[in-house]
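Participant: Quick one: structure below, then a few questions.
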Amino acid sequence: MENIERGNRLKACRAMLNKTLKELGTAHHISIGSLSNWESGASPISEKNVHKIISLLAAEGLICSKEWLLEGMGEAPYIYISKSYSPDQKDSSFNLTSQFLFFKEIESFKKSHPDMLIALVRDDSMLPFLRVGDYVGGAELSKADYINEQGNICIIEIREGEFLVRQLFVREKILLVSTTPGIENNFLLLEEEPLRIARLTFMRRFGE
């Protein structure tokens, strides 16, 4: 979901600062519950709140644009190094976490590999293999290769910017299958050909 993606970006910013929820909330008079809900996606980051978040990050020395926080577009956040900063002083806020580095890597990878599909898992349809919040990616397949991916987990772009992650079966039409018994739309027969399909080749999970 969009809220989860925004929350992950906010969490990456906090990790760059090496701050706990309590430290950040106390310093800027924001409840730990609000910060936690924004990061988890339980509460949306509204237009009003995004300016508050950007301001508090800036006060901590992290420059983050509204565009990046809400949409993941534009320049990625960076630490502002003041004139008083000495390279010799130990400052753990400069230790970028694997999560933030992953977002940077994805931005660069998308530019150099336009055939790469990257999606966020938004439902429990592929449990126990994948779960909500996982990032998955793979190279776009040619239509002739669809038949060779029978039973493989694939990323399917059914409409522009709208992805499903399912097992793929090809008969006369494309059938998408969930591995989770009892889930709604366990079997989905596509009436129209999807825009693009990629076989899943990597997955990244955060928060463990």
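Participant: Residue check, GLY133 against (1) part of a strand (DSSP E or B); (2) surrounded by 13 or more Cβ atoms within 10 Å (Cβ to Cβ), all met but one. Which one?
Facilitator: Failed condition: (1).
Participant: Hey, does the range 59-76 have a residue that's over 19 Å from the mean Cα position of the chain (by Cα), outside the structural domain of ASP134 (by TED's automatic domain parsing), at pLDDT below 85 and loosely packed, with under 12 Cβ neighbours inside 10 Å?
Facilitator: Yes, some residue in the range 59-76 is over 19 Å from the mean Cα position of the chain (by Cα), outside the structural domain of ASP134 (by TED's automatic domain parsing), at pLDDT below 85 and loosely packed, with under 12 Cβ neighbours inside 10 Å.
The values are calculated or read from the model by the stated rules, or taken from the named source; none is laboratory data. Please read these numbers as outputs of a predicted model, since none were measured by experiment. In this analysis, Cβ positions are derived from the backbone assuming ideal geometry, glycine residues included, and neighbour counts consider all displayed protein chains.
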